[in-house]
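A.B. asks: Before we start, here is the structure in question, set down as structure tokens.
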Amino acid sequence: MRQTALCFILVVTSGVAACASTAPGSPSSDERRLLELHEAGLKAHIDRDIEALLATQSDDFVLVNRGEISLPSREQRQKLLGPYLTAMTFEFYRDTVPPLVKVSRDGTLGWVIAQIEARGMTVTAEGERKPVEFEVAWIELYERRGKEWISIGNASSFKPD
């Protein structure tokens, strides 16, 4: 009886320890990493940091926006987003609902579905300051390359005014 009780305690303790610990590469640690990458993207907008925004994107990035699919090079993305971020000063650029984060069962693909709101000021080419306010939802697609997660695509949809 004593031996059976001891075995039961060991099995239960082992099970609890296994459930409580998170091994590297487990879905929960991967999901946390994808959420960190999402939050870094939000911060890059606030900081107006194009390099930080592009740092986690693959060279073969796919963009789906305004009813079109494109494969802009890193240089094209920098030329498009750089001036936009330089001209913007965000009061906020934040999640409106908690992002949905998921990693595939085999741990090779992941995604973050987000809905954000933003408000700030932009400076036009003529030097005029104009208020900007919008809401957008997107899905950011990630692929594990080696030990790192890298963004491989984004599909977004702006809320109509």
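A.B. asks: Name the single residue that is modelled with the lowest pLDDT among those in region 24-79 being within 16 Å of the chain's Cα centre (by Cα) and of a type in the set (S, T, N, Q).
C.D. replies: Only one residue tops the list, namely S28.
A.B. asks: Could you figure out which of (1) in contact with a Phe, Trp or Tyr (Cβ under 9 Å, 6 or more places away or on another chain); (2) closer than 19 Å to N154 by Cα; (3) surrounded by 13 or more Cβ atoms within 10 Å (Cβ to Cβ) isn't true of L35?
C.D. replies: (1) is the only condition that L35 fails.
A.B. asks: Specify the residue that is farthest from E143 (Cα to Cα); the eligible residues are those in region 86-108 that are assigned to a strand (DSSP E or B) and in contact with an Asp or Glu (Cβ under 6 Å, 6 or more places away or on another chain).
C.D. replies: V101
A.B. asks: Something else: Would you mind stating whether L54 is part of a helix (DSSP H, G or I), touching a Leu at 6+ places or on another chain (Cβ under 8 Å) and not aromatic (F, W, Y)?
C.D. replies: Yes: the conditions hold for L54.
A.B. asks: Would you mind finding the one in L71, L80 that is without any contact (Cβ under 8 Å) to a residue 12 or more places away in the chain, out of contact with any strand residue (DSSP E or B) (no Cβ under 7 Å at 6 or more places or on another chain) and either farther than 23 Å from P98 by Cα or charged (D, E, K, R) (or both)?
C.D. replies: Result: L80 is the single residue among L71, L80 that is without any contact (Cβ under 8 Å) to a residue 12 or more places away in the chain, out of contact with any strand residue (DSSP E or B) (no Cβ under 7 Å at 6 or more places or on another chain) and either farther than 23 Å from P98 by Cα or charged (D, E, K, R) (or both).
A.B. asks: Considering only region 112-161, how many residues are aromatic (F, W, Y) and loosely packed, with under 11 Cβ neighbours inside 10 Å?
C.D. replies: Total satisfying the criteria: 0.
The values are calculated or read from the model by the stated rules, or taken from the named source; none is laboratory data. Note that the coordinates shown come from a computational prediction; the quantities given were computed from them, not determined experimentally. Glycine gets a Cβ as well: all are built from the backbone with ideal geometry, and neighbour counts include every protein chain shown.
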